[in-house]
Structures are given as structure tokens and as C-alpha cells.
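The values are calculated or read from the model by the stated rules, or taken from the named source; none is laboratory data. Note that this is a predicted model, so its numbers are computed, not measured. Positions of Cβ are backbone-derived with ideal geometry, glycine not excepted, and every protein chain shown enters the neighbour counts.
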């Protein structure tokens, strides 16, 4: 066996085994605590709600386990199973141009991956989410969303892929630096146009009309020294009963968005506290830090790809006979996750650290006990488990576990 083939197989199977182990630990943890509400939540969350959260988390975890198995099977089918060789042969027969051959190969892999994952997506929406009372999607809306997503992917993804392949072929050994600059500009451009041109294609946004709530929010924004280009309510309830609030856009295009379900579930005080948390992300510069981190990682990955794409062992070790820029891109971004998954806890830890910082900021500008009330209500209404497994949480959770988050807020000084 080729040495890189062995390394790839070990990494892929090891990552899959690790994911299954984490899922099993999580399932055991939520089952073990299913019949008793944690002491700190016993007065605010009923036993029925706690059991629902445990069952919902268990259903999602089992679905995630199936997704892991499917991803691993597809990875081996495309690489060592010869799938990419077949697709490359089809692309080569269909087009005479190298650039079009590579572009066609990328498109075929993306389409096949989407089709393979479609059944799990349907099951998640119309079985799991529906079983626990969260799904509001109709089959028609689901199909319409898929069509819009495909059109958007074609409108944005095809020109980007064409530009990347052209740069890889024309810019010599330092092509990866030109591609990185293009990738950076593309992402910043999408951030700028998303609020006004992309998001409204999927959801309806209306200005916040609750005058009392609007006054409170504007006072908070002034107090925090934050400027936004409007307060909007999104019709999230046409797809889900989950509630959320978020900021979208970049620079002068920033908007504050509330799910209509969030406004229906929280009191004005609680909405204000949740918004203060979101403002905290901006005031603590979390968004620029995350973008900078993403761009640094992408630069490193592109450099690494530039270092291996001309090495025959890279292709041979993955069972691929066809070489080329498109094949190199596909192979690299197919296999890199199996080698980097063990680094996931570091990324999750960094994200959770930022959530704590945003909570601290909110506690300085609103009453911390109000944010606690809002979070507990969201945990309950969104059926978030209160008893995750520690290892599973360390790998996957971008937000701190409920008990840790609430404890910090309860010990925070009251500045509100």
C-alpha cells in the first residue's frame, strides 16, 4: 500500500471512529440525565420540556452519526473507489478545453454530494424537526429553497471557480497568493451584498413596528455607541419555530434582524438583553477577528495545496490517475477535514470564549438576570439539552454549555 494511502485511510477511519465515539458519549450523557432537570434549572424548565430536549438532541445526534457514515462512504467512493477517475473521464470527453474540463469536474462532484445528502436533509426537516414541533416547511417551500440555493450557487460559485482555475493555470508557482486575494475579495463582497440582495430572496424582512420595543432598542444602541442601518423582523416562522436574532452585513450595510418567533417568545426586557449580547460581539471585534482567522487559515491551506498539487504521490495515494487543477482542488478539500478534525476543540474553545465575552458585555449594559431569563427561555423553547457530554461539547459546541453560561452571568456584577 502506498504510504500516503495508508495515512489517508488511517486518518479517515480514525476521524470517523472519533465522531462515532463522541456521538455515543453524548447519547449516553443525555439518556443518563433525561429524567431529572438539573438543579439550577428546576424552577424554570419542566421535566417534560427537559425530556423533550434530551429526545430532540438524541435524534439529531443519531442523524449526525448517519451523516458521518455517509460522508465517509462518499469520500472513499470518490477517491480510492475510483469515482473521481470516472467523473474526470466524463468531463474530458465532454469538453476540449482544460479549464472547462476542470470546471465540469468540480460541478459534478458538488452536485453528486448534494444529491447524496438530500435524503438526510429531507429526513431532518420533515421527520426530526416535525416530530418535535419545529418544522414549518412545506414540501413546496423546501423545493423552492433548493432551487434558489442551486441558482445562487451557480451565479456566485461558477464565476469564482472559473477565476480560481484560471489563476491556478496562469499565475505560475505563486498562483495560491492570487487565488487567496480573489477569495478574500469574494467573501467581503458577499458580506456587503447579502443583506440587500441575497437574504430577501429567501425571507421577507419588514421594519420593526413595535414602537415601544423600537424605542428601547434605539436607546440601547445609543448607549452602546453602535450604529445599524435599520431594525428588521424576519419571517422565520414560515420555516421553523426556532427563535433567533442576528446581525447581518458589513460596514455601512449592517442590519439587526429578529426572527418573528423570537419576538413572540421573549419579553421586551429579554429581547434587549439578547440584542446587547449580539452588540457585544461587534464591540469586542469578534467578527473582524473571525474573518481574519478564516482568511489566515485559507491562505495556509492554499499554500499547502500549491505545495502538493504537482506531487504524484498526492494523486496516487488517493487512487486518482487524472491530474489537473480541478482534481487537485477537489482532492485537497475532500481529504483535509479528516486530518484536521482533531483540531476542532481549539476552534470551538475560541468560539465559546467569544460567547462568554459577549455575555459579559451584555451584563454591563443590561441586567444580567434578564439575559439569564432570556437564555433559559430560549433553551426551553429551542429544546436545547442542558446536559451535553463534555467531550462532545468540546468538539462541536460553538456556545458554552447552559450551566456554565448561566453560572457566569449569575456571578456577573449588575450594571444594568
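Residue 163 meets all of the listed conditions (1) modelled with pLDDT of 95 or more; (2) over 22 Å from the mean Cα position of the chain (by Cα); (3) under 20 Å from residue 100 (Cα atoms); (4) surrounded by fewer than 15 Cβ atoms within 10 Å (Cβ to Cβ) but one, namely (4). Checked against (1) surrounded by fewer than 21 Cβ atoms within 10 Å (Cβ to Cβ); (2) assigned to a helix (DSSP H, G or I); (3) outside the structural domain of residue 45 (by TED's automatic domain parsing), residue 333 meets all criteria but (3). Annotation note: Cβ proximity below 6 Å between a residue of segment 264-277 that is within 19 Å of residue 360 (Cβ to Cβ) and assigned by TED's automatic domain parsing to the domain that holds residue 227 and a residue that is at pLDDT below 90 and not in a helix (DSSP H, G or I) (sequence gap 6+ or interchain) occurs for 274/245.
Number of residues in segment 33-51 that are in a helix (DSSP H, G or I), touching a residue at least 12 places away in the same chain (Cβ under 8 Å) and surrounded by fewer than 18 Cβ atoms within 10 Å (Cβ to Cβ) equals 4. Cβ-Cβ distance below 8 Å, separation of 6 or more or different chains: which pairs start in segment 179-201 with a residue that is assigned by TED's automatic domain parsing to the domain that holds residue 233 and modelled with pLDDT of 90 or more and end on one that is surrounded by 15 or more Cβ atoms within 10 Å (Cβ to Cβ) and part of a helix (DSSP H, G or I)? If the second residue must be surrounded by 15 or more Cβ atoms within 10 Å (Cβ to Cβ) and part of a helix (DSSP H, G or I), no pairs are left. Applying the selection to segment 40-53, what residues are more than 22 Å from the chain's Cα centre (by Cα) and within 18 Å of residue 390 (Cβ to Cβ)? Answer for segment 40-53, where residues must be more than 22 Å from the chain's Cα centre (by Cα) and within 18 Å of residue 390 (Cβ to Cβ): 40, 41.
Figure legend. Inter-residue proximity from segment 371-385: first residues in the same structural domain as residue 402 (by TED's automatic domain parsing) and surrounded by fewer than 20 Cβ atoms within 10 Å (Cβ to Cβ), second residues at pLDDT 95 or above and assigned to a helix (DSSP H, G or I), beta-carbon distance below 7 Å, spacing 6+ or different chains. Indicated pairs: 380/49; 384/53. Looking across segment 210-234, the residues that are in contact with a strand residue (DSSP E or B) (Cβ under 8 Å, 6 or more places away or on another chain) and either in a loop (DSSP other than H, G, I, E, B) or not assigned by TED's automatic domain parsing to the domain that holds residue 260 (or both) come down to 228, 229, 230. Can residue 89 be described as over 23 Å from the mean Cα position of the chain (by Cα), in the same structural domain as residue 144 (by TED's automatic domain parsing), closer than 28 Å to residue 165 by Cα and without any contact (Cβ under 8 Å) to a residue 60 or more places away in the chain? Considered against the rule, which asks whether it is over 23 Å from the mean Cα position of the chain (by Cα), in the same structural domain as residue 144 (by TED's automatic domain parsing), closer than 28 Å to residue 165 by Cα and without any contact (Cβ under 8 Å) to a residue 60 or more places away in the chain, residue 89 comes out as no.
Residues of segment 166-178 that are farther than 16 Å from residue 308 by Cα and in contact (Cβ under 8 Å) with a residue 40 or more places away in the chain: 166 alone.
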